């Protein structure tokens, strides 16, 4: 699954669970996902034809997912 698609699922889940994990200051921070959400939406800022920018963001998304897993002992 491409990183953007996988993170889209995580962002959708975080949105669905906002009643249980409300945002405090930033979108997604109730679940500790604020960096991931920010990176996900930064893909919108990089034009679709800007392949290097999209690839860099995808790499950052993967790294953030790895960091989150590691920080949770997974």
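Could you tell me whether any residue of the range 5-16 is without any contact (Cβ under 8 Å) to a residue 12 or more places away in the chain, surrounded by fewer than 17 Cβ atoms within 10 Å (Cβ to Cβ) and touching a helix residue (DSSP H, G or I) at 6+ places or on another chain (Cβ under 8 Å)?
So far as the range 5-16 goes, no, none of its residues is without any contact (Cβ under 8 Å) to a residue 12 or more places away in the chain, surrounded by fewer than 17 Cβ atoms within 10 Å (Cβ to Cβ) and touching a helix residue (DSSP H, G or I) at 6+ places or on another chain (Cβ under 8 Å).
Conditions tested, residue by residue: (1) within 15 Å of the chain's Cα centre (by Cα); (2) surrounded by 13 or more Cβ atoms within 10 Å (Cβ to Cβ); (3) under 15 Å from residue 2 (Cα atoms).
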position: 24; (1), (2), (3): no, no, no
position: 27; (1), (2), (3): yes, yes, no
position: 42; (1), (2), (3): yes, yes, no
position: 64; (1), (2), (3): yes, yes, yes
position: 71; (1), (2), (3): no, no, no
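Every read-out reported here was derived from the displayed coordinates using simple, explicitly stated rules and does not represent laboratory data. Everything numeric in this text was worked out from a predicted model, so none of it was measured. Cβ coordinates were reconstructed from backbone atoms using ideal geometry, including for glycine residues, and neighbour counts include every protein chain displayed.
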